[in-house]
Every structure is written in structure tokens, then in C-alpha cells.
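Worksheet for the structure shown next.
FYI, it's all coordinate maths here, none of it is from the lab. Bear in mind the structure is a predicted one, so any value in this text is a computation, not a measurement. Every residue, glycine among them, receives a Cβ derived from its backbone with ideal geometry; neighbour counts consider all protein chains shown.
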Amino acid sequence: MVGNVAIERTSRTNDRTAVLNSERDLARFAVLARAIARHGSLAGIQLASAPSALSPRRQWSVNDRPAEATRLKEIVAAFTDKELSDHLASFIRSARFAVKAGYDVVQIHAAHGYLLSLLLHPATNNRRGRFALYEKWFDEFVTEFSSVLGESLSSIRLSVITGLMPLDAEIRHATSISSIAVANGIDIVDLSAGFYTVDRKLIYPGAEWTGPVYARWLEALARDLDCLVSIVGRITDFRTLTETLPGNVLVSIGRAFIADPDFARKTRDGNFDDINKCVLKNQCHYFSRGLQTLECGVNPNL
């Protein structure tokens, strides 16, 4: 998955974020898609939008969560209906370009405090009218997004747990949003956690957590969805996963691949002792450390 590709230059998380919104962007993204396919995987791309008002601070968690929820609500409320309609149209346009560039899976990034995640969460969207939380805009958007992909698979990434509501309420809401997405054509629901400006430790669980962190909640949610479901949560050793995983579950791997790009091959071959394991040095969190590029505390090539 080529992650965090902005749908517009004004929607980048920083000035180094890649953008896909015109014909001139196709060539470089096509090179990536071909390279992924050549190595035996489906090429995926994640389309995202984080307008400048959502730019995060470098601190890992906010001190006053209700105040941050209020700030995020105000950001969501400040958009006009036309601005939001144009924004969704940009997602559709970028999805068309992604297919043209050769991607087999195209994902809507609606997690981690990006704009769509705020529109889809009760703690951050109290709009009325067309873009109210449970109005038909989401159904229509997902339907159109899926329809422009042709044979490519559609995916959506959601934050199940954000820390802005009680856990059981968050899981019920995530189940509802996931079900709406699937009913309107989404092929893969990618379940994650955390809002970047609230508590990014939920996105990047630390040493105080025993992995896999979210499996028990996300596995249960997956059983109720008639689609492929991807789960996350510091999964760095497949032997820690339960043998009762539902048959529709995919496993998302992030930091394990940074520590060892051969993680998948070594896991497949059962060479677990040869894996260069992530030990949570946290050097990969370059933004929070004030850096411009990714580093790794255990991979000597980064």
C-alpha cells in the first residue's frame, strides 16, 4: 500500500507528501505500481486529505481531549457544503487516476483524524443538513468511489477507537459505518485506531502494550462484516495471532516491514528467528522528532 497520498496539494500533511490529482502525476505512481506487481503483490494506494487546519502538533497526546474535540468540531463546521462536495469530487478524480496508474486496490483514508474521519465521527461532526453525520452523503460517495474503480478493489480505512467516546460506543459506531460502506460497494474495510491530534499512541502502540493490541475487538467486528477486513495493532509476529481468526481477516503490517523488509518472506518460510524485529525504538516517527525523513533504530539501511 502506497500510503497517505494527498488528493490535492492543499490536503497534504506536509510539503513532502505525494499528490495524485492530475495526468502529470501518473508516471511516477505507475512506476511504483509496476514495481509492487513485479514482486508478487497487489498494488494498493491510499488516498487522503488533511487540510492545513488539521496540521498536527509534535506532541503525542493532547492534554485536554474535550477541548480538542471542540476544536475539531469547529474545523468540520467551518467548511461549506460546496467545499465538502468539491472535496469528495477530488477523491473520485484521484481514484480514477489511481486506476489509470495501475493500482489494484484504492483506499479511502477515513481514519486517524483526517478530514473524512472527522466527518464520520459523532464527537467531531455536529453539522446539520447535507453533511450531517448519518445523512446520505457517505452512501453516495462510497457508491461513486467504488463504481469508478472498475476491476480494482475499493477499501476504506477507519479508526475504531479514538479515545473521544467510551469504547463500546466507538465500536458500535464503527460497526455501523463499516456496514454502510460495505452495503455501498466497499470490498475491504481496514480497521485502525487513533486520531493523530488526540492520542497518536493509539495509532502507534508503544512498549506498554502487548501485541497484537486490538485483535480481540477488531476480530469480533470482522465477524459481522460481509467483506475482507484488515486489522492492525503492532502485529510483529504471526505466532501471536489466535488460530480462530475469521476467514475474512487480513493482517496489516507497518513497523515490522520498516525493521525488516523481508518480514513477509521469512514469516511465510517459518524463519521467525531470522526476522530483524521491531523493538520500538520509535525512530520511525520522524515528524514527532522534528525530522524530514524516516529512520529506524534496528534497520541499518535506514
query: For the chain, modelled as a GNM with alpha-carbon contacts under 10 angstrom, which of V105, V198, V148 fluctuates the most?
result: V148
query: Which residue, chosen from I177, L26, T244, occupies the Cα position most advanced towards the positive end of the dipole of the chain, where the dipole is computed from +1 (Lys, Arg) and -1 (Asp, Glu) charges on Cβ about the Cα centre?
result: L26
query: Over what distance in Å are the Cα centres of segment 139-194 and segment 211-259 separated?
result: 16 Å
- request: Treat the count of other C-beta atoms within 10 Å as a stand-in for reagent exposure and order Y134, Y114, Y204 from fewest to most.
  value: Y134, Y204, Y114
message: With mean projected area of the Cα convex hull in nm² as the read-out, I listed [x] 15.2; [y] 17.9; [z] 14.1; which label goes with the value calculated from this structure?
response: [x]
query: What does the charge dipole of the chain about its Cα centre add up to, to the nearest 20 debye, if the Cβ of each Lys and Arg holds +1 and the Cβ of each Asp and Glu holds -1?
result: 740 debye
- request: Within segment 17-94, report the trypsin sites (Lys or Arg not before Pro) that DSSP leaves as loop and that have at most 12 other Cβ atoms within 10 Å.
  value: R57, R58
statement: Semi-axes a, b, c in Å (a largest) for segment 80-182, each sqrt of 5 times a Cα gyration tensor eigenvalue, come to 24, 16, 11
- request: Compute the convex hull volume of the Cα atoms of segment 228-302, divide it by the residue count, and report the result per residue in Å³ as a whole number.
  value: 107 Å³
field: Estimated vicinal HN-Hα couplings, Hz - segment 236-241 in sequence order (Karplus 6.51, -1.76, 1.60; Gly, Pro = x)
entry: 10, 8, 5, 6, 7, 7
message: Looking at the chain as a GNM with Cα springs under 10 Å, which of D224, D273, D262 has the largest mean-square fluctuation?
response: D273
field: Karplus (6.51, -1.76, 1.60) ³J(HN,Hα), θ = phi - 60°, over segment 86-93, in Hz, Gly and Pro reported as x
entry: 5, 5, 5, 5, 5, 4, 5, 4
